[in-house]
Structures are given as C-alpha cells and as structure tokens.
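What follows is one structure encoded as structure tokens, with my remarks underneath.
Nothing in this text is a laboratory measurement; each read-out follows from the coordinates by a stated rule. Quick caveat: nothing in here was measured; it's all calculated off a predicted structure. FYI the Cβ positions are ideal-geometry reconstructions off the backbone, even for glycines, and counts take in every protein chain you see.
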Amino acid sequence: MTVIFSVSFCSAQGAFSLAELTHTFQTAPVPAKTAFVYPFVSNNHKQIAFIGDDALFERAEGHTSLLAALGLSAPGGGRFLDASTPAVNSAGQIVFRGDASVPSSSGLFLYSGGSTTQLVPDGAQATSGDVIYPTAPAVNDAGTVAFLSFTRNGLFVASKGVIQRLVAPGDAAPGGDTFVDFQSCSINQPGDIAFKASLLSGNTGIFLASGGAITKIAETGDFLNGGIIFTFLGNSSLNDLGQVAVAGLANGPVAASGVYLFSNGGLTVPVPNFTALPAGGTLTVVTAASLNNSGQIAFISQTSNDSSGRGSVFVSSGGSLTQVMTPGQALTGGDAFTSAFGLSIDDSGRVVFVSRTQQRTDALFRYNGRNWFRIAQQGDPVAAQPAFSFPFAFGLSTKRVLVFSSTFPGGTGLFSAAKANAGDVKLVAHVGQKFGNQGSIEGFFENFEMSAKGDVIFNSDLSGGHGIIFHKIPGQNLTALVHASFDGTGDISPDGTPFLGVRQVSINAKGQCGFAAFTSTQSGIYLSDNGVIRLAVDANAPLPDGSGPLGTVSSNALNDQGQIAFFAQPFPSPNGVFLASAGQLTSIARDGDAAPGGGNYSLGFPDPAFGPALNSAGSVAFASDLSTGGRAVFVSSGGAVSRIAGPGDAAPAGGSFVSADSPRINSLGQVAFFGHTSDGRLGAFLFSGGSISKVAASGDTPLPSVTFTYVGSPLINDLGEIAFGADLSDGTVATFLATPVSGPRPAGYAAQAATQQRLSISRERAQVLKARHPRPLTHGNRGPVTQ
C-alpha cells in the first residue's frame, strides 16, 4: 500500500509543503523479470539458494521457489524488505540475512521444512554482552551458525539458542598482531570456522578456529615459495577435513601465487599462476577458489590466451586440470559466456558458477562433469508485481524528480516521478534492459543527472563489453551518445583514436552533455552538442598558475552557458575545484589553501559529496573536508568564496552544525545541502537570502505514526523546490518534494518563476512541433542510434 500525503513543516526562516512521491512497496513500472542473480550457495544434494534482485530463491529438484522477498510476510507481523548473504547445509536448511518493516525485526532468518523463523534478530545480545546486528552467516548440519556483525564487534556463533562471541576487534591474533575487522567466515561439520580478518598492522589474514584455538593459515607479508604474499582474492573455502583453500597473489616467483591450500598444518600452492593449460596458454591470475571433501578445487582464473582479462572456470583434480567454462564459449540462443565471478564445488565434483554473457548481465550454471545447465539468469520471469524497495531522489527538473531505486523484481533502475501527480512514475532505464543487439545494461548505474528540462543522462556498461553514455529524452527511446571499450572498438574521439573509457556525466537545459573520458592519447571532459563531440577541458592543459597539467579530471557540472565546474587531481600539485569558462580556467579551491571561516581545505580525493555544483550565473557551490575537522559548504561567486555552513556554525532551531556537504545551487543563488547538527539531526537545509532554514531532518514527523530517521542529500530547482529521499521509522524509504509556501523570497524570485513558466510552455509547444516533424537523433560518427 502506498500512502500519498502533503504536510507543512515550519522552521525559523520559512515553511515547506512536503509531498511524498514514491515509497517502499509502491508499484514500480519495470518488467517482472530478474536483473541480478548473485550471490549463491549450494550443498551436496543439488540444492542451491541464491539471491535475485535482493530476494531469496531456492532451486531444488528442478524447481525454483521464492522464499523471501520485498513485500512477503516476515515473522513478527511485518514484511520483508530484502534478503541477502544466504547459507545452506546438507540438511536443506537455509540461513539468510533479511531486513523487514515493523513490527518485525531484521536479522538472521532460518528457512526449514517449508517455513521461515527468526534466528538472530538485530539487537540480540551475546553471552559476552555484545549487542549484535548479524550478517554473512555460515551453517553446518548440526544447525550451528557462524556469522559476523554489522557493528564490527566480532565473529559470533549461535547454537541451540545461545550466542557466543568467538573473536573480537582488539583480541590478540596469532603471530603477535591484533584483530581489527572481520570480512567473511565458513563452518564445517565438526564446527571448525575459517575466517578472513584485517589486522592492526594493516595486513590481512586467513585464520582457522578449531577446538578453542585460533591458527593462522596465511597473512599478507608472509614468505611463501620465495615470494611475499600481498593480497588474498575472494573468500576462503573450508572442507570437513579442516583444509582451507584461497586464491592469493605474491611478489616474487610464479610458484608463490595461485591457489593456496592449508592442510596438515602447512601451506602449499597446488595450482600456481602460469600453470600450463591442456588446450594451450597458461593461467595468469587466480581470483577465486572452492574446495570439496575429496580434495578437488574449483577456481576462476584469467588466462594468457584471453587478453580481455575475463575469468574462466577450472577444476583441479588429482593433479590434472579441466576447463569448465571459457569466455566466448557459445550458449544456446546465440549467446556466449563472457566472465565468471563466483563458484562452488560439491563432493560429487559438480560446479556451480555465475557468469556474465554477451546478452545478459548474470546467469547461474551447474556443471556436472560433462555438461553445464542453466539454473537461473537475468531476464527470468517472476510471478510478482514489481515494487520499489529503497527509492531516493537524485535529480530534479521543473516538473519531475529523478528517482534511483532497487525494485523487486527488476533490480536497479532510474525513474521519473511527476511533482504534481504522485502516481505518475515513468521508467527511464533499468539493469537488464536490452539495448539493440549490443547486450543488456549491467551493474549499477555509475552516475546520472536530470536537466531542468527533464532529460536524463547516465553511464553504464553493457553485457556485450561497451561502456556507454546514455541519454533519455522524455517520450523518446533510450539513445547512446558515446561508446567506449578497452578493446579499441569504441567511438572515435576528436583526437582520432577510440574512446577507451567514460566516466562522470552532466547535462544542461539545452540538452548539451558533458562527460569525463579518456583515449590512448588524451583525456579530459568532453562536450556533446547535437551529436558533435569536442574536448572542452583537456587534462593536459596547464593549471591557472602554470604549474603542470590538470591531471585526472572528474565530477563535472555543466550550465546553460557552457561553463564547466570540475574536480582535478594535478599530481604532484594540490587537488582542487576549477571552473572552465570561455577558454579560461579559474581555480576555485585547492587542497591546503585557507578556507573562509577557518581551517584549510582538505581535498585529498574526489568525493561526490564535495560536488561541485554550478548555476547559470557561474556560481559554484562545493564542499570540502577541513583541516580543523568536519566538512563545510562554500559558494564561489564573482571571484570570491564564502562559507555557507560548517562545523560550529549556528543551525536552525538551535544547536550548531557538526558537518555539511552535498550542495546544490539554483539560478537564484539558493543552496540546498545536507547537514549534521549537534543535536543529532541529519537532514536537508536551505541557504537563501543570507539565512539557513531546515527543510526536513531526522526526528521530524511527516505522519503521526512515522518519523524521519535519516534525510538524504537534497536537490533544488530554479523554482526553489527541494527533493530528497528519507528513511522512515517503520523501516521503509520514500522520496519527497518540499515546496516553499511562506517566508521571504530571494530577490528576483517572481521574475524567475515567471520565466520558468514561459520556458515550460515554450518547450511543450516545441515538443508538439517536433512530433509533427520528427527528425532522427545523430550521435557523432555512428549516425542514428535508438533502442
């Protein structure tokens, strides 16, 4: 059920009418098909538990069943919000992490004998007194469950209703180091537990807890076969004999890297990197390993005869290698494997693995020693009405709000919600969406923007191998502005060489698109205007003070005048925020410079919360860490930088700011930003006319029975409207639009609002004329590109 409401919030400086636009459990306009199929676990009876679109599925005896998913009833009277990190034993019991709405409690759940019960709720207390928030479980046939805690307070074991802490941060680790954090665990039938942990020295180790003692299996920095281990790839695998396998890399001889095997107290490398393959070539980098009770090891490795660096699947048995899957290997229906990234092997030698394919994002397969069979894949139909799970606002035009959300089914998507009609939500794009014969959109959308006109631009990868900048004009098909690929098959850039990669994007109301990209000879920020692409900011251009090139550029913002604000990393010169305007480059803020209001800028790395944001007047809003602690928001306008809000500054309704970041600025000079205050509030604030008002924050009550527990980074348009996403006290999430209803208006507000209304009418008329006289979109050298 979706509740749509409007309520007014008052602050010391003004008031806002607050309307809910999208909400958890609200119907989502996506196909009822899976988009993600990962992670998974399997047992010796061909039973597989896997996560698809944040829901738990079981594959057994040739049938797939849905066990826990968004909207399904959870123990305690609430509804599940998602499911993750499954574990299964040979008795067919499945333990998983589930989040649920009130009155249910989130935590670990047990599915057994056709019913689901709560095993360890969030907030449960161990015998040690630790309050825990469990995740990443492992279970054996006795029903003993090992798991980690979100609160980073250790590795725990639950057995017969008793929860005990096995090891915690601060405990002494074998070899004289100290445990700091725990990353994964597994348990065998005797109750031994293998786990991966970070150490105070900065090293990472693989350890085995058995019989009350903890043994170090391997640690980064250890000497092995003449080399020094420097990383472990993937999680460790434990069998019932107490043997442990894990993939690792070492500096030194090739015999020191590959599959590590701990057995009888010693560490060997039974499958080293650069092992010769039966069909030619060699292994290059082993990235994951799984071990069964027969000593067989299934593993994923890159190979010398595949320059793309994709993963093949192998089984090592009795000293011989069998290649189970090869990238490029044909599948039925004209598809083909591309890369594996997860696997397990049972005691019969059956291998279950996940691979991407040319036409699909994920697919789950089982190999029986002769053939492989598809278990589940992206695009499988699901008998459920798609619904939003965690919708958050990420863009705002004069008419619509850009919402980013996961859905079940459907995976992750971008949606356009109407401001004036909460039920009007349209799909922009979603993971798994087919794009011609080039494959499906895969992975998370990396970054995305909505223009004042309502156009959306974003970048993502396709299953076929290209990285693409996509453009979605309301009412039209998804189009590709730029293709990039490391294999040299991307679009030709202005320097005559193919684009190899594309990154951050921006868009203005004219439909011009900015994006960061690189080729084999050039990198920078490019501008696409009516299909013509040019280099707007050259990463090799000198800094304003003449000291070396800009270096790596990112986080670009584009206004209607063609000005571009961006973040640059000009090593070894200090990082900074810059503005490119009419061929001139201006430094806005540099790492280490004195910041207005006290302290120095600390811009050690590009952070989305730093911005920058840019309005039509060329004013730049940005945030920075401070040498004195916390973060602050600043605005550069007319050559001067002013501090808007930061640590110690007065906050509305009492108290002070602890930190402020994620600024957005409109054409009126109003700045919306995220703030953390001394009274514990996390929320959206507005700087306007020289004063700051609270838009919404944790603790506010939008409905009598629901409060905000977290309010995300706000967005603002030229009408002064503010959109944001928020976590609610009932465990759900919603997006909201705040409209100013009283209080002082900034200078020029009425004229600006009237201009926006005229522009809106003009655009509507232009769309009517365009529909009567359609023309194809063109994109650089590729010609018309449509879905």
Subtracting the Cα-Cα distance of residue 741 and residue 571 from 0.36 nm times their residue separation yields 56.4 nm
Hull surface over four for the Cα convex hull of the range 77-126, reported in nm², is 3.8
Residue 91 and residue 44 label points (each 7 Å along its Cα→Cβ direction) are spaced in nm at 1.5
Computed over all unlike Cα pairs, the Kirkwood hydrodynamic radius of the range 299-441 in Å stands at 17.6
Note: residue 678 to residue 178 extended length (0.36 nm per residue) minus current alpha-carbon separation gives 176.6 nm
Length gained if residue 426 through residue 171 is fully extended, taking 0.36 nm per residue and subtracting the Cα-Cα distance, is 86.6 nm
Simple spin-label estimate for residue 650/residue 730, 7 Å along Cα→Cβ, in nm, reads 3.8
In whole µm²/s, the translational diffusion coefficient that Stokes-Einstein assigns to the range 36-168, given a Kirkwood hydrodynamic radius over C-alpha pairs, 37 °C and 0.692 mPa s, equals 223
If R0 = 30 Å, then residue 547 and residue 617, at their Cβ-Cβ distance, give a FRET efficiency to the nearest 0.05 of 0.55
Expressed to two decimals, the range 380-472 has a Cα Rg over Rh, using the Kirkwood radius, of 0.97
If the label point sits 7 Å along Cα→Cβ of residue 593, residues of the range 503-547 with amide N under 16 Å come out as 543-547
Whole-Å distance linking the alpha carbon centroid of the range 411-427 with that of the range 88-160 is 36
proj_area_mean for the chain (convex hull on C-alpha atoms), units nm², value 34.1
The relative contact order of the range 22-165, taking Cα pairs under 8 Å that sit 6 or more residues apart, comes to a percentage of 14
Relative to the chain, whose Cα atoms define the longest principal axis, helix 749-772 and its Cα axis are tilted in degrees, nearest 10, by 70
Burial-style ranking of 627-634, 516-523, 710-717, average other-beta-carbon count within 10 Å with highest first, yields 710-717, 627-634, 516-523
Here D for the range 537-594, in µm²/s, from Stokes-Einstein with a Kirkwood Rh over Cα pairs at 37 °C and 0.692 mPa s, works out to 290
The alpha-carbon center of the range 345-408 and that of the range 188-224 are separated, in whole Å, by 33
For residue 540 and residue 561, extending 7 Å from Cα along the Cα-Cβ vector and measuring point to point gives, in nm, a value of 3.0
Most packed first (mean Cβ within 10 Å per residue), the peptides 372-385, 237-250, 536-549 order as 237-250, 372-385, 536-549
In debye to the nearest 20, the charge dipole size for the chain, taken about the Cα centre with +1 at each Lys and Arg Cβ and -1 at each Asp and Glu Cβ, equals 1780
Shape descriptors of the range 453-587 over alpha-carbon atoms, Rg and Dmax in angstrom, are 14.7, 47
